[in-house]
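The block underneath contains the structure these notes are about, expressed in structure tokens.
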Amino acid sequence: MAFRFTLDAVLRFRESVEHSEEAALLLIVRQIIEAEQELQQVDAEQARIREQREKDLALKLPAAHLMEITERELELKGAADELRVRLQQLETQRLTQLGVYQIARQDRQVLSELRERQRHAYQLQQKRQEQKTLDDLYLTRTRARD
């Protein structure tokens with residue numbers, strides 16, 4: 001008779017919960033990476049515009065042009081601020097989801113360890129039963145010879 005774990009359905013459910021929580025965590029991490037990349041692009045654009053403004057000031061361009069540059073700088077500053085707020089929110093979500101994932105993982109690990117202990121006990125019992133059968137067979141043969 002093969003080993004059967006009575007809580008196998010529960011273990012499979014816990015494994016699926018763990019996988020879905022891990023997927024949710026990875027999604028948040030991916031969003032953090034994307035937001036960080038976007039923030040780097042905005043920061044680079046801000047640096048480029050500041051550099052352009054300095055050059056334009058040296059050229060003594062019309063005030064309207066400088067105002068356009070200033071408006072663009074303000075837009076980028078607002079976008080950068082929004083991205084920083086978004087990153088803080090995502091980090092909070094990541095920490096929360098990490099906790100949820102760790103709990104799901106621990107729940108699954110408890111059942112996995114229980115399954116392994118029961119499997120080991122079953123295998124040990126099977127080996128004992130096999131040895132008992134071999135011992136009985138040996139005793140039967142030795143008695144039959146006498």
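The values are calculated or read from the model by the stated rules, or taken from the named source; none is laboratory data. No experiment lies behind these values; they were computed from the predicted model shown. Neighbour counts run over all protein chains shown; Cβ positions are idealised from the backbone, glycine included.
Return yes or no: is residue 53 in contact with a Ser or Thr (Cβ under 9 Å, 6 or more places away or on another chain), of a type outside the set (A, V, I, L, M, F, W, C) and on the phi < 0 side of the Ramachandran plot?
Numbers: in contact with a Ser or Thr (Cβ under 9 Å, 6 or more places away or on another chain): yes; of a type outside the set (A, V, I, L, M, F, W, C): yes; on the phi < 0 side of the Ramachandran plot: yes.
Taking the combined requirement at face value, the residue satisfies it.
Listed here are the residues, each with its yes/no results for (1) exposed (fewer than 11 other Cβ atoms within 10 Å of the Cβ); (2) at pLDDT below 95; (3) touching a Leu at 6+ places or on another chain (Cβ under 9 Å); (4) under 24 Å from residue 34 (Cα atoms).
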{"position": "91", "(1), (2), (3), (4)": "no, no, no, yes"}
{"position": "94", "(1), (2), (3), (4)": "no, no, yes, yes"}
{"position": "97", "(1), (2), (3), (4)": "no, no, yes, yes"}
{"position": "105", "(1), (2), (3), (4)": "no, no, no, no"}
{"position": "108", "(1), (2), (3), (4)": "no, no, yes, no"}
{"position": "112", "(1), (2), (3), (4)": "no, no, yes, no"}
{"position": "120", "(1), (2), (3), (4)": "no, no, no, no"}
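For (1) out of contact with any Lys or Arg (no Cβ under 7 Å at 6 or more places or on another chain); (2) under 30 Å from residue 125 (Cα atoms), each residue gets a yes or a no:
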residue: 5; (1), (2): no, yes
residue: 75; (1), (2): yes, no
residue: 86; (1), (2): yes, no
residue: 112; (1), (2): yes, yes
Have a look at 101, 122 and point out the one that is within 16 Å of the chain's Cα centre (by Cα), among the aromatic types (Phe, Trp, Tyr), part of a helix (DSSP H, G or I) and under 30 Å from residue 13 (Cβ atoms). 101
Would you pick out the residues in region 57-84 that are in contact with a helix residue (DSSP H, G or I) (Cβ under 8 Å, 6 or more places away or on another chain), surrounded by fewer than 15 Cβ atoms within 10 Å (Cβ to Cβ) and not β-branched (Val, Ile, Thr)? 57, 65, 66, 77, 84
Just to be sure I understand the filter: pairs with C-beta atoms under 8 Å, separated by 6 or more residues or on different chains, first member in region 52-79 and among the basic types (Lys, Arg), second member assigned to a helix (DSSP H, G or I). Which pairs pass? 53/66; 53/69; 53/70; 53/73; 72/49; 77/46
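Every residue in region 28-73 that is assigned to a helix (DSSP H, G or I), of a type in the set (Lys, Arg) and farther than 28 Å from residue 96 by Cα, please.
Taking region 28-73 and keeping what is assigned to a helix (DSSP H, G or I), we get 28-59, 63-73.
If we keep only those that are of a type in the set (Lys, Arg) too, we end up with 30, 48, 50, 53, 55, 72.
Of everything in region 28-73, those that are assigned to a helix (DSSP H, G or I), of a type in the set (Lys, Arg) and farther than 28 Å from residue 96 by Cα turn out to be 48, 50, 53, 55, 72.
Looking only at region 1-19, how many residues end up being free of Cβ contacts under 8 Å to residues at least 24 places away in the same chain and outside any loop (DSSP other than H, G, I, E, B)? Can you show your working first?
Of all residues in region 1-19, those free of Cβ contacts under 8 Å to residues at least 24 places away in the same chain come to 1-2, 4, 6, 9, 12-13, 16, 19.
Subsequent filtering for residues that are outside any loop (DSSP other than H, G, I, E, B) retains 9, 12-13, 16, 19.
Matching residues across region 1-19 total 5.
Check region 84-103 and report whether any residue there is charged (D, E, K, R) and over 30 Å from residue 47 (Cβ atoms). Explain how you work it out, then say what you get.
Pass one, region 84-103, residues charged (D, E, K, R): 84, 86, 91, 94.
Adding the requirement that they be over 30 Å from residue 47 (Cβ atoms) leaves none.
No - not one qualifying residue is present in region 84-103.
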